[in-house]
Amino acid sequence: MWQVIGQSRAVSLLQRGLERGTLAHAYLFAGPPHVGKMTLALNLAQALNCEAAEPPCGVCDSCQKIASAKHADVQIISLASNGDSAQAKSRAEIGIDQIREMQHSSSLPPFGGKYKVFIIDRAELLSIEAANCLLKTLEEPAGKAVFILLTINERLLPATVISRCQRLELPPVAIGEVEAALNSGRGIEPGKASLLARLCHGCLGWAISAALDDSLLQQRAEKLNRLLDIIDADYEERFAYAARLATQFSQNREVVQEILNLWLDWWRDLLLVKAACSDAITNVDLMATLVEMAGVYNLAQIRAVINSIQSAKEELKQNANPRLVLEVLMLDIPRKEGRANPTAQYSVKYG
Ligand SMILES: [Zn+2]
């Protein structure tokens, strides 16, 4: 049974290829983080090596070994598997040595299984030399090897690599499907499942991690509180915050993009509350705060903030000066003037 959830299009494509013997020798699974790319890749590796009549069965020796990462013919190449290459590690790249090793291994027949499967996680992190080396492997496919590249940003991959793979896009999973998956025997409280299904934006893996690890929801509360502090803050404080974010951005872009996504969700929720579409909001646990804030701003103000956050996100992606971009954003967030109770601090509690 295919275990990946909410990716029926990709699954039926692979299933058909399997039944007709028309599977490609290289795939590119593209989609946001935690959407199911690795699960699908491991499922495909199982399907290729399964011993049962209807692969992937999930229970045969081969399927179980793959699920527990103990199958000799299934290898995962990632930043983490980049053992000795200190140079590649310091650049946060998947290095050429890793791809050379893979190339060599792919030229040998499978040890015990039917196919060798090589999964390259975060393929966008391949160094230029590594990508060129991979290209040669993809151009001269070996008979019993299948390559699966996973990426969260295919724009960073050379077009020559993409064109040699069959590309499958894994879209975000629908809220209902995430919620159903969280509610099916995982022991997650339904209210929490409903919240996580909304917060994860279709990335089931994140929702499952957050259900198991409270620190993710704790971090969300902290980030939201900072947003609410900023709304109350004067420009000096806001600029100090922009400077801190800009420094953070130079160390880890994704963290700042996550904060901006969280802000975007918040202001979109305000818009939805304002438009009496509260059913569609993300932050379902903070309805009271949203309703209070929605009373303070008018529609035009909320829309303007949403536009500003979106522009900031886009400009950061295009390598604009982060401090400048974030300072402009700080100026664009309306102050609390006009609030019914301007001295009251908004705050979000976790738990
Ligand atoms: Zn099996």
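Worth a mention:
- For the set K274/K317; K223/K313; K136/K317, the pairs lying more than 20 angstrom apart at their alpha carbons are K274/K317; K136/K317.
- Rounded to the nearest 10 degrees, the angle from helix 253-274 to the longest Cα principal axis of the chain is 50 degrees.
- The stretch 236-333: trypsin sites (Lys or Arg not before Pro) falling in loop per DSSP and having at most 10 other Cβ within 10 Å: none
- Using the 1.4 Å probe convention, the accessible area of the chain works out to 49 Å² per residue with neighbouring protein chains retained.
- Distribution of pairwise C-alpha distances over the stretch 203-252, 10 Å bins, in %: 23, 35, 30, 12
- Translational diffusion of the stretch 216-291, µm² s⁻¹ [Kirkwood Rh, Cα pairs; Stokes-Einstein; 37 °C; 0.692 mPa s]: 244 µm²/s
- For the chain, the longest principal axis of the alpha carbon atoms and the long axis of helix 235-251 meet at an angle near 10°.
- Within a Gaussian network of the chain (alpha carbon springs, distance under 10 Å), most fluctuating of C50, C203, C277: C277
- Anchor K65: aspartates and glutamates whose Cα lies under 14 Å away (excluding residues fewer than 8 positions away in-chain): E51, D73
- Net charge over other residues, Cβ less than 10 angstrom from the Cβ of A24 (K, R count +1; D, E count -1): +2
- Accessible carbon and sulfur surface of the chain relative to its total accessible area, %, 1.4 Å: 52 percent
- Degrees separating the helix 215-232 axis from the principal Cα axis of the chain, which is the longest one: 30 degrees
- With loop membership from DSSP and a limit of 13 other Cβ atoms within 10 Å, the longest segment of the chain without GluC sites (Glu not before Pro) is 52-336.
- Projected label distance in nm at K192 and Q219, using a 7 Å step from Cα toward the beta-carbon: 1.8 nm
- Amide H partners (placed H, <5 Å) of A142, local residues excluded: none
The values are calculated or read from the model by the stated rules, or taken from the named source; none is laboratory data. Keep in mind that what you see is a predicted model, and the values were worked out from it rather than measured. Note that each Cβ is placed from the backbone with ideal geometry, even for glycine, and that neighbours are counted across all protein chains shown. SASA here: full protein model, heavy atoms, side chains in, ligands and nucleic acids out. Shrake-Rupley method; radii C 1.70, N 1.55, O 1.52, S 1.80 Å.
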